[in-house]
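Scroll down for the structure; my scribbles are underneath it.
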Amino acid sequence: MGNPDRAVTGADTRFVINADRAKWLKNNGCEIVGRYLYSPDPNFEKEIKPGELETILAAGLRFFPIMQVHGRDVTEYNYTTGFQHALIAHQQATKFGIPRGSVIYFAVDYDATQDQMDPYIVKYFNGVVAGLADQGKKYVHGVYGSRNVCINATEKTYARYSFVSGMSWGFSGNLGFPLPANWSLNQIKEISGIEIGGEGGKIDLDHDVWRPDSDPGVSSLTATASPAADFMVYIDQLYGTAQDYIAAHSTSRSPSQLVMEFARHAKYGGKDWGLLIGSYDKDWVAYAKSKGHTVKKQFTDPNSGYELGAEHLMATANGHLLITQPTNPKSVNGGDIAGWGGDWMTFYANWRNDEEKYASGKAYCDAKLAKPGVSSSFGFTDLIEDADGYLIARACAAGTPINQIVREHYGNGGGHLTRFTQYFNKRFFTAADCKDQAYNDLTMEHPIFDLARGALIIAAGAKSPTVLANEPGGFDKLQSFCQGFTDAIVARAGAES
C-alpha cells in the first residue's frame, strides 16, 4: 500500500455518514467516500440509510457504491450468487437514486488464491455481469479485492474499475502482483475510533487513495439518461442539419452518410482515407460548421463504462456503409480495413516488432488484444468501436436513420448488451471463417490491401505477413496469431451469454 500515512482524498466506511461526519470528512481533505448498498441485517449501520447520500452530496463530497454480502469465504463465490448479488445491487442502487452508468464495486473480501480464480471468483463476476444485463445494464460492475482478484476480474469479466484492498498486506493476492491498470481506489489504512464531535460520535474509517482521472464517483442523484445521452443528442442535431443541407444542395449522399463524414473528417479524412472509402463532402462540412457543429471526440459507453472514440466509431461505420461486406464468408474488403482490419494490421506490426517478448502470436493476442486496462494498438475500446460501427452501418444500409439506430443501440433499445454476439454472427459467422478472415486481411493480394499494409505494417518497420508466411515455420506462426484474434472475438461474444 506504500506509505499508509500519506494524505488521501478518499475513504470508505461501514458507518452512516450524517451531516457532522460529512462536514468532518470534507474539512479533512476527503473528496469521495464509499458506502455499502446492502446489508443482510437491515438494522445494521453498514447499509446506506434514506437521505444519507443527499447528505454526502450536500457537503460537497462524492460517493462510490460498494456491494458486499459477507464475502469472506471461497464457498460464497459462484455464478448464481453473483447473479443474485447483481439483482440486489441494481434494486438498491435504483432505490437510492444512483444514476445510470455508475460503477458498483462488488467485493471479494478474503485472500482468494490463483487456483480459485477461474472456478469461483471469475464465475461469480460472470454472474454479476449477467445479473446487471438482465436488468438492462443500468449499472457497470467494478471489483473490490486484492490486486490479483482485481486483475482477474478485469481481464476475464471486463470490470470497469478496481478498488484495491491494499491495506491487506498479508494477502497473497497482493504480494508480487502490480496494481491493476484500471485501479481507481487503493485502500491503504484503517483508522478506528475517530472522534468526530457533535452528532458524529466515533467512527471507523478506511483511508483510500483516489486516483486522478479514474472513476469520478457519483456527484448527483436520480439522473436517468443513458451515459451516452450527449452522443445521441449530438447525432440527432447533426442528422437534422444534414437533412437541411440535402434540401438546399444537390447530393446523392444520405443524411446518415453525411453525419458519418462530419464526425470522422477531422481525424479520419486524410488522403489515405480518401483512397480507402472516398473523400468527405467538404461543402457539407463547411455548412455544418457554419451551423455551430463541432467534432465530438468521445462519449461514455453505457455497457462497459469506458470512453469510446466517436471519430473512430463513425469512420468505421462510414467504411462499412460504403463498402458492402463480401458474400464469401472467408473474404475481406476495404470496409473491413476501415474497421477491424486496419486495427488488426497495426496490431500485427506491433507483434512483429515485439517478437523477442512474444514469439507466439496467440500469446501476444492473449496478453494484449482487446484487454480492458491494457495499453495496446488494438485495445478493448477499439474492438467496441469496430463492432458498434459495423452494426450502425448495417442498420443504416437497411434503411434505419443513423440517429434512430444510435438511440436504439446506446439507449433503452439495449443493442450494446449483445454487440459482440451480433458482430460475430453478422460479420464473422463461424470461428473457422473468423480465422480465415484474419489471415486474409494480412495476406490478401489486392491494391487497397497492399496500400494499407504498406502504411500500417511496412512503414512501422515490421516484416510483411506474406514474407513471414513463406518462411520456414512462418505459416504456423501466422496461423497462431490469427487464432488469437478468433479466440478474442469468440470470448467477447461468449461473455454476453
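Quick notes on this structure:
- Residue order, fewest to most surrounding Cβ atoms within 10 angstrom, among 45, 76: 45, 76
- For the peptides 140-150, 276-286, the ranking by mean Cβ contacts within 10 Å, running from highest to lowest, is 140-150, 276-286.
- Packing here is the average count of other Cβ atoms within 10 Å per residue, and on that basis the peptides 165-174, 463-472, highest first, run 165-174, 463-472.
- Nearest 10 degrees, 0 to 90: helix 310-322 Cα axis against the chain principal axis: 30
- Put in order of Cβ neighbour count within 10 Å, fewest first, the listed residues 259, 218 become 218, 259.
- Rg followed by Dmax, in Å, when region 81-231 is reduced to its Cα trace: 16.4, 49
- Counting neighbouring Cβ atoms within 10 Å and putting the fewest first, the residues 118, 215 line up as 118, 215.
- In order along region 335-341, the phi-based Karplus estimate (6.51 cos²θ - 1.76 cosθ + 1.60, θ = phi - 60°) of 3J(HN,Hα) comes to x, 5, 4, 5, x, 5, x Hz; Gly and Pro are listed as x.
- Calculated diffusion of the chain, Stokes-Einstein form, Kirkwood radius summed over Cα pairs, 10 °C and 1.306 mPa s, µm²/s: 65
- Greater than 30 Å apart at Cα, pairs in 267/357; 138/267; 137/189; 267/291; 138/297; 282/435: 267/357; 138/267; 137/189; 282/435
- Interchain or long-range residues, amide H under 5 Å from residue 34's placed H: 11, 12, 13, 64
- Theoretical ellipticity at 222 nm over the chain - DSSP helices of four or more residues, -39500 (n - 2.57) apiece, nearest 500: -13500 deg cm²/dmol
- Label-to-label distance, nm, for residues given as residue 243 and residue 223 (7 Å Cα→Cβ offset): 2.8
- Semi-axis lengths (Å, descending) of the ellipsoid that matches the C-alpha gyration tensor of region 442-488: 19, 13, 10
- Positive minus negative residues near residue 308 (Lys, Arg vs Asp, Glu; Cβ under 9 Å): -4
Coordinate-derived values only; no laboratory data. Quantities reported herein were computed from a predicted structural model and do not represent experimental measurements. Here the Cβ is made from the backbone with ideal geometry for all residues, glycine too, and neighbour counts use every protein chain on show.
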